[in-house]
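Asker: Handing you a structure now.
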Amino acid sequence: MFIATQTCGSEPARDSGGSASITVECSALIASRLAPTGIAGILRFLLLGAVLLLSACASRAPLPEQTPNLALPLQLHIQRLVADQRQDWVLVIQREGPGIRWSMMDLLGIPQARQKLVDGEWQADGLLPPNPEARELFAALLFALTPKDELSGNYPAAWQHGSQRSLPAHWEVRYSQPMSFELNLPKGPKYQVTPLSEDAP
């Protein structure tokens, strides 16, 4: 005689050698028990994806509504200041086709970052690895270099009073001259920017 344990709905079965109880139609019950967990898992996955997407968007440096009219090409001397450490870079900004090309190198001429800004989107330029800090620096410089009469149209949340300009929660700029300024990021670092022709490193 064979007796199977009943785990869900069953029906009797007859056998010439004895009796048995076999399980039938359990799939519906199992599915009903798994469904809430499955749906909850999918919802958790979707929620996590949405949070990651939003955080990625939130961390992306703002760009202007339209590309501002810059007097290009420009060559800038960038000093990165953190505590007692200083790094010096040369940045060349120039038009290339429909976009703007940003090329940064150290004082030995070794490339540090290259990006193109085309139709309001950053694009990799060359084979250099991604450099998120440089991309934010370029976006901040674009903000700082935007002509005053184009500021409100391109950055609606920005303000400027005298020699100080700010995009709250992102950047603060203090100008000594229109092309010479100090650029501060909320979480650091601080940058000193001057035209290369006036302040060669």
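Asker: Hey, got a sec? Which GluC sites (Glu not before Pro) in the range 154-201 land in a DSSP loop and have at most 15 other Cβ atoms within 10 Å? Show your work: numbers first, answer last.
Answerer: Values: sites: E172, E182, E198; in loops: E198.
Counting only loop positions with at most 15 other Cβ atoms within 10 Å, the GluC sites (Glu not before Pro) in the range 154-201 are E198.
Asker: Compute log10 of I(q)/I(0) for the range 49-197 with the Debye formula, placing one identical point scatterer on every Cα and leaving out solvent, at q = 0.11, 0.14, 0.18 Å⁻¹, to two decimals.
Answerer: Values, matching the q order: -0.41, -0.68, -1.17.
Asker: Quick check: pseudo-label points 7 Å beyond the Cα along Cα→Cβ at I110 and E150, how many nm apart are they?
Answerer: 3.5 nm
Asker: Between Q123 and L81, what length in nm is gained on full extension when 0.36 nm per residue of separation is reduced by their alpha carbon distance? Could the numbers behind the result be given before it?
Answerer: Values: separation 42, 0.36 × 42 = 15.12 nm, distance 2.67 nm.
Result: 12.4 nm gained on full extension.
Asker: Could you sort 162-168, 111-117 so that the peptide with the highest average Cβ count within 10 Å comes first and the rest follow in order?
Answerer: Most protected by this proxy first, the peptides run 111-117, 162-168.
Throughout, read-outs are computed from the coordinates displayed, never taken from laboratory work. Just so we're clear, the structure is a prediction, and the values are computed from it rather than from any experiment. Please note: Cβ atoms are built from the backbone with ideal geometry, for glycine as well, and neighbour counts cover all protein chains shown.
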